[in-house]
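Report on the following structure.
The values are calculated or read from the model by the stated rules, or taken from the named source; none is laboratory data. As the structure is a prediction and not an experimental result, all values here were calculated from the model. Don't worry about glycine lacking a Cβ; one is built from the backbone with ideal geometry, like all the others, and counts go over all protein chains shown.
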Amino acid sequence: MTTQVTDHDILATAREQVLERGEPLRYEQILAVLQTSDADLEGLLALAHEVRMRYQGPEVEVEGIVSLKTGGCPEDCHFCSQSGQFTSPVRSVWLNIPELVRAAKQTAATGASEFCIVAAVRGPDERLMEQLREGVAAIRAAVDIHVAASIGMLTQEQVDDLVDMGIHRYNHNLEAGRSYFPHVVTTHTWDERWDTCLMVKASGMELCCGGLVGMGETLEQRAELAAQLAELEPHEVPLNFLNPRPGTPFGDLEPMSANDALRTIAAFRLALPRTILRYAGGRELTLGDLGTRDGLLGGINAVIVGNYLTTLGRDPREDLALLQELNMPIKALNETL
Amino acid sequence: MDLSAVSLDTAPGAPGAWCGHCGGPTSEGQHDSCVRMRELEPQRYCTQCRRRMKVQVVPQGWTATCIAHGSVEHSTWT
């Protein structure tokens, strides 16, 4: 039997449970937050910001990402323009090592502490592992920045290789709640993703694991994703908002509303009070400048600076100026060790 | 082909017969939305020949290359 929870009840409960006692919201409570009205949004965001400040502090972690291998992916993630199964304009291309190092240097110059190398693959083959090994070594020799990676599903041997390379953090998103995942991807399972996440956690690398919202999922399925991420306890959760890509199965979906996106940010913060919650793709389209500010004052404490993998981000100078205006210092590299 | 010898008039980003965003003919239909979309996306099609280009996005910019007409680069910050 489901108990009817009012907006006032859930906000009061969240204040006492999450802010005062540090206990994350559970599935039913996350759902109740997602169902709150626009009239309560300001109060919800303020509470999520208080939680972020109490358990994470004012610092913001800044990261740059780059695509080492773009396009031609055999998987069919319905949101992704890099799948080789759709008629997307994105063509396959590899980044060379000197350009990879240059990108890392320019990312570090913004004050970023993390640089993530991404490849559009199901999982890495030996060629990709070798390219990554060479690239990570070149970056570590030239740039003072943590190197992260996101190269798909892994075997235990590959996890061990990444640890040996010095990969600081590994990204592998759940993408969607388990019940909605088959509507998003059919070429692999949610459980395969979960298994890779568990291997990464056990290896000592930090786990970065999040997902996308606005893909046609119900609020129940959105709450399910947050609850499953909370169960996984990753070090970081990147939160993406669907940016409908031409030629993909989700290409005709409307971007989610800014208020829904902000409610989602607050709900994820209340489900994950001690986790880094990062703005990832789609925020420019979904939230714009004003919404970006509201999210940083509503639970977000990390950003991706500059461009994404196949689309463009805000001018990083605007993001850095906004952080300064909000008195949110960039987390220094030595604080992330 | 020596791409450095490509004329600016026929560069893949120069005004041409094809839209750099959707690949449609610039002489047909409106491309105002394409222009808006380009604020958040790199060029995907060569404006001279409509070929899909190889595009590499990096944090600080992007490069798009047409096999026939060379490359166009855009820097977000330096």
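Scan segment B:38-59 and tell me whether some residue there is assigned to a helix (DSSP H, G or I), polar (S, T, N, Q) and either facing chain A (nearest Cβ under 10 Å) or out of contact with any Phe, Trp or Tyr (no Cβ under 7 Å at 6 or more places or on another chain) (or both).
Looking through segment B:38-59, none of the residues is assigned to a helix (DSSP H, G or I), polar (S, T, N, Q) and either facing chain A (nearest Cβ under 10 Å) or out of contact with any Phe, Trp or Tyr (no Cβ under 7 Å at 6 or more places or on another chain) (or both).
Restricted to segment A:51-74, and to residues that are among the small types (Gly, Ala, Ser) and crowded, with 17+ Cβ neighbours inside 10 Å, which residue is nearest to the chain's Cα centre (by Cα)?
Looking at residues that are among the small types (Gly, Ala, Ser) and crowded, with 17+ Cβ neighbours inside 10 Å, I get A:64.
Can you name every residue in segment B:14-30 that is without any contact (Cβ under 8 Å) to a residue 24 or more places away in the chain and within 14 Å of chain A (Cβ to nearest Cβ)?
Looking only at segment B:14-30, we keep the residues that are without any contact (Cβ under 8 Å) to a residue 24 or more places away in the chain, and these are B:22, B:24-30.
Matches in segment B:14-30: B:22, B:24.
Could you check, for segment A:33-49, whether at least one of its residues is within 14 Å of chain B (Cβ to nearest Cβ) and more than 30 Å from residue A:325 (Cβ to Cβ)? Full working, then the answer.
Within segment A:33-49, the subset within 14 Å of chain B (Cβ to nearest Cβ) is none.
No, that holds for no residue.
Hey, could you check segment A:165-177 for residues that are under 17 Å from the mean Cα position of the chain (by Cα) and part of a loop (DSSP other than H, G, I, E, B) and say which is surrounded by the most Cβ atoms within 10 Å (Cβ to Cβ)? Explain how you work it out, then say what you get.
Taking segment A:165-177 as the starting set, the residues that turn out to be under 17 Å from the mean Cα position of the chain (by Cα) are A:168-177.
Okay, now just the ones that are also part of a loop (DSSP other than H, G, I, E, B), so A:168, A:172-174, A:176-177.
Values: A:168: 21, A:172: 24, A:173: 22, A:174: 21, A:176: 28, A:177: 24.
Per the stated criteria, the residue is A:176.
Could you pull out the residue among B:35, B:55, B:6 that is touching a Pro at 6+ places or on another chain (Cβ under 6 Å) and either modelled with pLDDT under 95 or crowded, with 17+ Cβ neighbours inside 10 Å (or both)? Write out each step before concluding.
Working: B:35 fails: touching a Pro at 6+ places or on another chain (Cβ under 6 Å); B:6 fails: touching a Pro at 6+ places or on another chain (Cβ under 6 Å).
Residue meeting the stated conditions: B:55.
Among the residues of segment A:107-153, what is the count of those that are over 20 Å from the mean Cα position of the chain (by Cα) and touching a residue at least 60 places away in the same chain (Cβ under 8 Å)?
Here is the first cut: in segment A:107-153, the ones over 20 Å from the mean Cα position of the chain (by Cα) are A:109, A:124-144.
The next check asks that each one be touching a residue at least 60 places away in the same chain (Cβ under 8 Å); those that pass are A:128, A:131-132, A:135, A:144.
Result for segment A:107-153: 5.
Restricting to segment B:58-78, name every residue that is more than 20 Å from residue A:69 (Cβ to Cβ) and buried (at least 20 other Cβ atoms within 10 Å of the Cβ).
B:66, B:69, B:70, B:72
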